[in-house]
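A short write-up of the structure that comes next.
The values are calculated or read from the model by the stated rules, or taken from the named source; none is laboratory data. Just so we're clear, the structure is a prediction, and the values are computed from it rather than from any experiment. Cβ coordinates were reconstructed from backbone atoms using ideal geometry, including for glycine residues, and neighbour counts include every protein chain displayed.
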């Protein structure tokens, strides 16, 4: 395993439904199998010393799915939080959920709040679940917060910077994702972390999420380690300006 590890990995866990269909199983079986893969991935990230892992658990577009499937997804989310949170806490994992949780059933809102409270002081891997989340929503709510401050005179609109907007985004305080992985064969980011993925290395795999194992993850890490992240600079600039390179790349 290369020493050049990302600080922050963001993943879209796609392909649960297709995995179940291939096996003539109900779609919920695919989602349950996908949850099992999350457990193994969290353990591997913690072992490697990766600081942050952000998973797209439920997009704002998922509400368009059949109502019965949405209910099953919500119930599975509640069960997973109730069953996994204490184990996460024992491993010093800090769990955070981003997205508009106000439309979730109260039982899910309570499960999220309980999990965040229990793990809030942990110093290990920071696991973030994006639930009822969309990248456009994230940018909009951050812009709205700035507009409200400007309206009451706390902020000069002419003084607004990208850093100010970043401070009001859902992942404020965390390093931007270094590596984005999408399982399931699609090659798009699907309204996920639109602001935060500006300079992120992208890795797409045809492997359906329930088949995505530690070996697949380490393959993605190896591809990441072999890339040169330029952030708009030339290769020569990176070689001549190691301080600027380290400022962007954290560990690298």
Per-region count, region 162-185, residues more than 17 Å from residue 202 (Cβ to Cβ) and either touching a helix residue (DSSP H, G or I) at 6+ places or on another chain (Cβ under 9 Å) or loosely packed, with under 15 Cβ neighbours inside 10 Å (or both): 12
Give me a count of the residues in region 152-170 that are part of a helix (DSSP H, G or I) and within 30 Å of residue 64 (Cβ to Cβ). 2
When region 30-62 is examined, which residues are found to be loosely packed, with under 14 Cβ neighbours inside 10 Å and either at positive phi or in contact (Cβ under 8 Å) with a residue 60 or more places away in the chain (or both)? 36, 40, 49, 61
Between residues in region 202-216 that are part of a strand (DSSP E or B) and residues that are buried (at least 21 other Cβ atoms within 10 Å of the Cβ), which pairs lie under 7 Å by C-beta distance while being six or more apart or on different chains? 202/180; 203/179; 203/180; 203/181; 203/220; 203/224; 204/182
Does region 182-200 contain any residue that is modelled with pLDDT of 95 or more and not in a loop (DSSP other than H, G, I, E, B)? yes
It is to be established whether one or more residues within region 15-24 are free of Cβ contacts under 8 Å to residues at least 40 places away in the same chain, closer than 17 Å to residue 207 by Cβ and outside any helix (DSSP H, G or I). yes
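A quick yes/no check of all residues on (1) modelled with pLDDT of 95 or more; (2) more than 16 Å from residue 76 (Cβ to Cβ):
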site	(1), (2)
3	no, yes
12	yes, yes
20	yes, no
27	no, no
34	yes, no
42	yes, yes
45	yes, yes
58	no, no
Before we move on, is residue 116 surrounded by 13 or more Cβ atoms within 10 Å (Cβ to Cβ), under 26 Å from residue 191 (Cβ atoms), free of Cβ contacts under 8 Å to residues at least 60 places away in the same chain and more than 20 Å from the chain's Cα centre (by Cα)? no
Kindly establish whether residue 142 is over 20 Å from residue 167 (Cα atoms) and under 19 Å from the mean Cα position of the chain (by Cα). no
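Would you mind listing the helices (runs of 4 or more DSSP H) fully within region 44-151 where at least 3 residues are within 27 Å of residue 221 (Cα to Cα)?
Passing ranges, in order: 67-90.
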Test residue 72 against the criterion of being surrounded by 16 or more Cβ atoms within 10 Å (Cβ to Cβ), farther than 29 Å from residue 200 by Cα and at pLDDT below 95, and give yes or no. yes
The listed residue being over 18 Å from the mean Cα position of the chain (by Cα) and in contact (Cβ under 8 Å) with a residue 40 or more places away in the chain, out of 88, 72: 72
In region 190-200, which residue that is buried (at least 18 other Cβ atoms within 10 Å of the Cβ) and in contact with a helix residue (DSSP H, G or I) (Cβ under 9 Å, 6 or more places away or on another chain) is nearest to residue 19 (Cα to Cα)? 192
